[in-house]
Amino acid sequence: MHKEDHTLAAQRSSGRKQEDGLWETAKVIIQALAIAFFVRTFFYQPFNIPSSSMYPTLKIGDYLFVSKLSYGYGKYSFNFSMGLGDSTLFACCPFDFPGRKVLADTPKRGDVAVFKLPTDTNIDYIKRVIGLPGDRIQVRDSVLYINDVAVPRVRVEDYVDPSGEGHGTPIPQYRETLPNGVSYNTLDITPTGDADNTPVYEVPEGHYFMMGDNRDNSQDSRYLNVVGYVPIENYVGRADIIFFSISPNAVLWKPWEWPFLTRWTRFFNLI
């Protein structure tokens with residue numbers, strides 16, 4: 001074989017190796033994307049917090065994983081249509097709906113959950129489950145009542161966040177404990193807020209009453225014409241863990257500031 005033939009053969013072999021290497025890299029990327037899509041579609045979906053309605057539990061700039069398996073799959077569990085119509089697939093509930101199968105659990109009092117806004121299902125909301133089907137819910141002088149019994153709350157140290165809610169101004173903070181033992185902190189900016197005294201809400205069957213932890217800065221089920229009672233089929237999933245958090249003061253064109261604005265202590269915090 002001539003020297004030129006050896007050179008040509010070596011070049012072809014090198015070209016094939018490069019093509020094989022590129023194809024292997026492409027396969028790895030495609031497989032990784034497929035796995036990520038599968039996990040996001042059926043198990044955990046990431047969400048970020050854009051508002052202060054769940055302070056102090058969740059802050060603007062928190063990124064969290066929402067478990068889709070917690071309440072079963074429904075027409076709002078996926079980002080594409082599966083022909084479910086108005087039925088819910090594999091959702092568990094103590095009452096019967098056509099097209100629904102038992103697989104997961106129902107929302108528990110105290111869960112932090114993502115749901116589609118009943119008045120506009122294009123919008124995702126995140127609030128805390130306060131009222132279950134059949135409950136009577138009321139707020140009197142900033143105190144939450146469930147079935148005519150006041151929910152215990154204890155004043156704790158004021159909430160202060162220089163870059164968050166209040167911008168450094170101390171906000172009264174309370175530790176609230178629901179009847180099932182779930183405890184969390186709430187903010188009460190003023191005792192005379194718009195929804196600090198409400199009528200009695202009677203939660204219909206198949207629906208839940210949701211409230212934000214930032215009680216004077218949350219549009220929730222207390223506002224019937226905006227949120228109201230949330231049907232079980234509107235739930236996307238339960239918020240389980242914060243996987244990333246960064247101050248809202250971070251800007252894209254100043255990456256050198258990101259390490260100082262990242263809230264490292266909030267990483268992988270359970271909700």
- ³J(HN,Hα) computed for each position of the range 191-205 - Karplus, 6.51 cos²θ - 1.76 cosθ + 1.60, integer Hz, glycine/proline x: x, 10, x, 4, 10, 7, 9, 10, x, 7, 9, 9, 6, x, 4
- Item | Added length on full extension, which subtracts the Cα-Cα distance from 0.36 nm per residue, residue 119 to residue 250 | 43.9 nm
- Note on the structure: Net charge near residue 215 (other residues with Cβ under 13 Å of its Cβ; Lys, Arg +1; Asp, Glu -1) is -4
- If amide H atoms are built 1.01 Å from N in the plane of the peptide, which residues on other chains or at least 5 residues away come under 5 Å of the amide H of residue 144? 151
- Message: Considering only C-alpha atoms, what is the centroid distance from the range 47-62 to the range 194-271, in Å?
- Response: 6 Å
- Task: Run the dipole for the range 132-271 about the Cα centre, Lys and Arg Cβ at +1, Asp and Glu Cβ at -1, nothing else charged, and hand back the magnitude in debye, nearest 20.
- Result: 360 debye
- The answer for the net charge of residues other than residue 230 whose Cβ lies under 10 angstrom from its Cβ, with Lys and Arg +1 and Asp and Glu -1, is 0
- Query: How much area per residue is accessible in the range 115-271 when the probe is 1.4 Å and only protein heavy atoms are counted (Å²)?
  - Reply: 49 Å²
- Item | Distance violations [Cα-Cα > 31 Å] among 108/254; 116/254; 75/127 | 108/254; 116/254
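Give me the percent of the accessible area of the range 154-271 that comes from carbon and sulfur atoms, probe 1.4 Å, all protein chains in place.
Working: 3570 of 6040 Å².
Carbon plus sulfur share of accessible area: 59 percent.
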- Starting from the Cα of residue 105, step 7 Å along the direction of its Cβ; do the same at residue 151; then give the gap between the two resulting points in nm. 1.8 nm
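Within 10 Å, count the other beta carbons around each residue, average over each peptide in 149-156, 112-119, and list them highest first.
On the way: 149-156: 12.9, 112-119: 19.9.
Final packing ranking: 112-119, 149-156.
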- Amide H contacts under 5 Å for residue 237, restricted to residues at least 5 apart in sequence or on another chain and with H modeled in the peptide plane, are 114
- Item | GluC sites (Glu not before Pro) restricted to DSSP loop in the range 195-248 with at most 16 other C-beta within 10 Å | 205
- Item | Proximal charge balance of residue 192 [Cβ under 13 Å; K/R count +1, D/E count -1] | -3
- Förster radius 51 Å - calculated FRET efficiency between residue 225 and residue 269, Cβ distance, rounded to 0.05: 0.90
- Query: Out of residues 5 or more away from residue 214 or on other chains, whose amide H comes under 5 Å of its own, with H placed 1.01 Å from N in the peptide plane?
  - Reply: 54, 55, 187
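The values are calculated or read from the model by the stated rules, or taken from the named source; none is laboratory data. Here the structure is a predicted model, which means the values were calculated and not measured. Neighbour counts are summed over all protein chains in view; Cβ atoms, including those assigned to glycine, are modelled from backbone coordinates with ideal geometry. The area values use the complete protein model at the heavy-atom level, side chains included, leaving out ligands, DNA and RNA. Shrake-Rupley method; radii C 1.70, N 1.55, O 1.52, S 1.80 Å.
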